[in-house]
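Novice: Structure incoming, see below.
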Amino acid sequence: MNSPETRTTFTCPEFLNMERAIIDEFVDCTTECHTEVEACVRALNQHGGPEYIHRMFRSMHSLKGNCQMVGLTPFKDLMHRVEEIFAQLRANPDQYFQELGEFLLMATDQIVDLLFELLKNGQADENRRALLAGVCETLRQQTAGGLRPEAFREAIETLGGRAAEKPTNDRGERVSLQLQDDFVLMRYLAEKIDALTVFRKDRNIRSVDMARELNAALGQVVDPRQLEAAVLMHDIGMAFIPHSIFNKETNLSREEIRIVQEHVQIGAQLLMRLGGWDEAAAIVLDHHERYDGSGYPNHKKAEQIHVGGRMLTIIDTFCSITTERSDRSYKKSLLSAISEINANIHTQFDPNIVGAFNDVVRSMMMRSS
């Protein structure tokens, strides 16, 4: 009779002895990264898009960096091996297939499970950690010449999962009605808005990145998920504006201006209808208010405006200035945009948030130099 495999465990005193506030923040960041990976895999399986691969890689890289920051040494080698697979996919986004996404999601699931097991019990399953590390190393060797579905099917089965079978018909995938993750839907809609004109190319992606950095610089004054939802949905109402108005190069009439301004209400109402996004809705509703009270739709001023709305109006203005437009065949420099924003503090923008935004843009310029 065979004896059961001896269960070995690992622990990490350096991490477990940290202040509770740091551990809680790490858990929040880990959960956010895990949710992002799951949403990206779903999106890739449904309609593809290299931007989801980039987001997934960034989330895993953040998780790896956070593990190193809090001293989770047992995860260092494991995270590095998983990230290598992510990096190979990022370099070859056209090689994505469903088995690859399923494996990456399974690997992320197991890493998160091990982290929470460690937190709950003070120790976690070393056999499971070592198995995942070994599978990742085997995959790295097997895919050195290119990503192959069969290698990932074997990896999934080794980890105790079951790879989804490919459809047997050759007429393409059937379109089925299923409830998408909210973020998958929001990102899809944001892409459609950016596709309405060549002058909005990748605007929402850049805006989300800037909002995330600005929020961090201000000490996370807004829930990160609510803020991202607001950024993705803040211009969704523009899809309902007639093309004759949307693409008009001359001055708008009073009635046309009223129609354009309705986009903030449309975006806010859609978020309210989705449920659970009340703060994001408030941000969208307020993102065209001005610090001096001369904005719309409610003529709020200063602190009456949601802090997320005060952040988003700066980001929206910055992206507008630094992007080509139908009435301007060139884009202004970052410095020109910053100068224009700083010239309108107290009237259009919150001076304190502008100060933090200046630091964010300065960091962006240093990274790109």
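Novice: Out of 295, 219, which single residue is exposed (fewer than 13 other Cβ atoms within 10 Å of the Cβ) and of a type outside the set (S, T, N, Q)?
Specialist: 219 is the lone residue from the list that is exposed (fewer than 13 other Cβ atoms within 10 Å of the Cβ) and of a type outside the set (S, T, N, Q).
Novice: Which of the residues that make up the range 124-147 are of a type in the set (Asp, Glu), part of a helix (DSSP H, G or I) and modelled with pLDDT of 90 or more?
Specialist: First, the residues of the range 124-147 that are of a type in the set (Asp, Glu): 125-126, 137.
Subset that is part of a helix (DSSP H, G or I): 126, 137.
Within the range 124-147, 126 is the sole residue that qualifies.
Novice: Also: For residue 289, are the conditions met, namely being part of a loop (DSSP other than H, G, I, E, B) and buried (at least 16 other Cβ atoms within 10 Å of the Cβ)?
Specialist: When the stated conditions are applied, residue 289 passes them.
Novice: Still on this structure, I have one more. With the structure loaded, tell me whether residue 285 is over 20 Å from residue 317 (Cα atoms) and in contact (Cβ under 8 Å) with a residue 12 or more places away in the chain or whether it fails that test.
Specialist: No.
Novice: Take the residues in the range 61-99 that are open to solvent by 20 Å² or more (accessible area, probe 1.4 Å) and outside any helix (DSSP H, G or I), then tell me which one is modelled with the lowest pLDDT.
Specialist: So, considering only residues that are open to solvent by 20 Å² or more (accessible area, probe 1.4 Å) and outside any helix (DSSP H, G or I), the one modelled with the lowest pLDDT is 92.
Novice: List the residue pairs whose Cβ atoms are under 6 Å apart, where the first residue sits in the range 293-305 and is among the aromatic types (Phe, Trp, Tyr), the second is in a loop (DSSP other than H, G, I, E, B) and modelled with pLDDT of 95 or more, and the two are 6 or more positions apart or on different chains.
Specialist: 296/288
Novice: Additional query: For the range 245-286, name all the residues that are more than 21 Å from residue 190 (Cα to Cα), part of a helix (DSSP H, G or I) and not charged (D, E, K, R). Quick ask: steps written out before the conclusion?
Specialist: Let us first name the residues in the range 245-286 that are more than 21 Å from residue 190 (Cα to Cα), namely 248-258.
Pick out the ones that are also part of a helix (DSSP H, G or I) and you get 254-258.
Across the range 245-286, the qualifying residue is only 257.
Okay, residues lined up against (1) among the polar types (S, T, N, Q); (2) farther than 19 Å from residue 115 by Cβ:
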site	(1), (2)
31	yes, no
37	no, no
52	no, yes
59	yes, no
66	yes, no
69	no, no
80	no, no
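Novice: Filter the range 72-108 down to residues that are of a type in the set (D, E, K, R) and touching a residue at least 60 places away in the same chain (Cβ under 8 Å), then give me how many there are.
Specialist: Matching residues across the range 72-108 total 2.
Novice: Whether any residue in the range 47-60 is touching a Ser or Thr at 6+ places or on another chain (Cβ under 8 Å), within 25 Å of residue 140 (Cβ to Cβ) and open to solvent by 30 Å² or more (accessible area, probe 1.4 Å) is what I want to check.
Specialist: Quick first cut of the range 47-60, residues touching a Ser or Thr at 6+ places or on another chain (Cβ under 8 Å) only: 60.
Within this subset, residues satisfying the condition of being within 25 Å of residue 140 (Cβ to Cβ) are 60.
Narrowing further to those that are open to solvent by 30 Å² or more (accessible area, probe 1.4 Å): none.
Scanning the range 47-60, I find no residue that is touching a Ser or Thr at 6+ places or on another chain (Cβ under 8 Å), within 25 Å of residue 140 (Cβ to Cβ) and open to solvent by 30 Å² or more (accessible area, probe 1.4 Å), so the answer is no.
Novice: I'd like to verify a number: residues in the range 301-334 that are in a helix (DSSP H, G or I) and modelled with pLDDT of 75 or more, how many?
Specialist: Here the count works out to 18.
Novice: Assuming residue 180 fulfils every condition listed in (1) under 30 Å from residue 131 (Cβ atoms); (2) surrounded by 13 or more Cβ atoms within 10 Å (Cβ to Cβ); (3) at pLDDT below 85 apart from one, which condition is it?
Specialist: Residue 180 satisfies all of (1) under 30 Å from residue 131 (Cβ atoms); (2) surrounded by 13 or more Cβ atoms within 10 Å (Cβ to Cβ); (3) at pLDDT below 85 except (1).
Novice: So, one more: Name the single residue that is surrounded by the most Cβ atoms within 10 Å (Cβ to Cβ) among those in the range 270-280 being of a type outside the set (Asp, Glu) and in contact (Cβ under 8 Å) with a residue 40 or more places away in the chain. Talk me through it step by step, then tell me what you get.
Specialist: Filtering the range 270-280 down to residues of a type outside the set (Asp, Glu) leaves 270-277, 280.
Among the residues that remain, those that are also in contact (Cβ under 8 Å) with a residue 40 or more places away in the chain are: 271, 274, 276-277, 280.
Values: 271: 28, 274: 15, 276: 12, 277: 22, 280: 30.
Selected residue: 280.
Novice: Would you be able to say whether some residue in the range 228-238 is open to solvent by 60 Å² or more (accessible area, probe 1.4 Å) and either more than 15 Å from residue 286 (Cα to Cα) or assigned to a helix (DSSP H, G or I) (or both)?
Specialist: Going through the range 228-238, the residues open to solvent by 60 Å² or more (accessible area, probe 1.4 Å) turn out to be none.
There is no residue in the range 228-238 that is open to solvent by 60 Å² or more (accessible area, probe 1.4 Å) and either more than 15 Å from residue 286 (Cα to Cα) or assigned to a helix (DSSP H, G or I) (or both).
The values are calculated or read from the model by the stated rules, or taken from the named source; none is laboratory data. Just so you know, these numbers come straight off a predicted model, no measurement behind them. Quick reminder, even Gly has a Cβ in these numbers, built from the backbone with ideal geometry, and neighbours come from all protein chains shown. Quick note on the areas: whole protein, heavy atoms, side chains included, nothing else; ligands and nucleic acids left out. Shrake-Rupley method; radii C 1.70, N 1.55, O 1.52, S 1.80 Å.
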